[in-house]
1. Specify the residue that is surrounded by the most Cβ atoms within 10 Å (Cβ to Cβ); the eligible residues are those in region 72-87 that are touching a Leu at 6+ places or on another chain (Cβ under 9 Å) and closer than 16 Å to Thr155 by Cα.
2. Can you name every residue in region 168-223 that is open to solvent by 40 Å² or more (accessible area, probe 1.4 Å), within 26 Å of Asn127 (Cα to Cα), aliphatic (A, V, I, L, M) and modelled with pLDDT under 90?
3. Condition first: surrounded by fewer than 18 Cβ atoms within 10 Å (Cβ to Cβ) and more than 19 Å from Ala107 (Cβ to Cβ). Now tell me which residues in region 139-167 satisfy that.
4. What are the residue pairs meeting all of these: first residue in region 116-130, first residue more than 17 Å from Ile161 (Cβ to Cβ), second residue open to solvent by 40 Å² or more (accessible area, probe 1.4 Å), Cβ atoms under 6 Å, and 6 or more apart or on different chains?
5. Quick one: which strands (runs of 3 or more DSSP E) lie wholly within region 66-123 and hold at least 2 residues that are over 28 Å from Ala146 (Cβ atoms)?
6. Can you name the number of the only condition in (1) in contact (Cβ under 8 Å) with a residue 60 or more places away in the chain; (2) open to solvent by 10 Å² or more (accessible area, probe 1.4 Å) that Met103 fails?
Amino acid sequence: PGVLGVPSGTFDVETEQFLSPESSAGPPICCGANKTGEAVLTSASLVSGQVTEDFSGTRLRFSGDANGKIAARTSATYSVGSGASLDIRAQANKTHTCSDHFMYFSASTSEVWNWARTAGVVRVAWNCNSMVIYTANEGPSLSCPANRLYNVSVTINEQAIMFDVPACGSLSAAWTLGAASFYTYIGADQDEGASAPSDWLDVTVGTCASDANATCAAAGTYTRVDAGSNSSAPVTCVGVSA
């Protein structure tokens, strides 16, 4: 539903029109009834960073050069030890070639954004027209060039991080932060500067306990993904619908 009389859907800052959301209806990201602590990120739940506007939790707007700066982060920490997983769902409104939406994860309360592989940090982002994951050891990428509204899922367990954009595909890399608690940072780094702000929309974060025997509702909308190659490992569900 809309907020404060605003039409439902997403406001496109480029065309000044509301867009219908991508088809994303379906069951929770996690199978079964194990999802806990799901919350919408708002400016009130974030610490510092470059948030310039917050519309009742539906839109977080970021503008300017974020390189070398501390991005907005959650006040709460998360952990993926003992079979738990962290699941983030959001929409990213890519309006320019280098809107450069990003999230990153670190145990530090003052970790800066940069475009490098860094020990103790895991990053997911658009690097202009490519989706990327940066860990200390890996940097997989995938073309995702269109300027449009994207559904985004980031799923983390103790073995791997998965960056899923149904319209383009999925990336994964080994999770290098182990079972230690970490913060979630969110922002954007526009090459075009403050005149081309980037919007994250409807960002929800939830944690899940291990649920190896669960099944997913709405077959065809979500798929089961084993953590690593061990079939007995914890199972999470990630969106696959475009």
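1. Val80
2. Selection gives Ala194 alone.
3. Correct list: Gly139, Pro140, Ser141, Leu142, Ser143, Pro145, Ala146, Asn147, Arg148, Ala167.
4. If the second residue must be open to solvent by 40 Å² or more (accessible area, probe 1.4 Å), the pairs left are Cys128/Thr97; Asn129/Pro145.
5. 72-74
6. With respect to (1) in contact (Cβ under 8 Å) with a residue 60 or more places away in the chain; (2) open to solvent by 10 Å² or more (accessible area, probe 1.4 Å), Met103 is out only on (2).
The values are calculated or read from the model by the stated rules, or taken from the named source; none is laboratory data. Computed from a predicted structure; not experimentally measured. A quick note on method: Cβ atoms are made from the backbone with ideal geometry, for glycine too, and the neighbour counts reach across all protein chains shown. The area values use the complete protein model at the heavy-atom level, side chains included, leaving out ligands, DNA and RNA. Shrake-Rupley method; radii C 1.70, N 1.55, O 1.52, S 1.80 Å.
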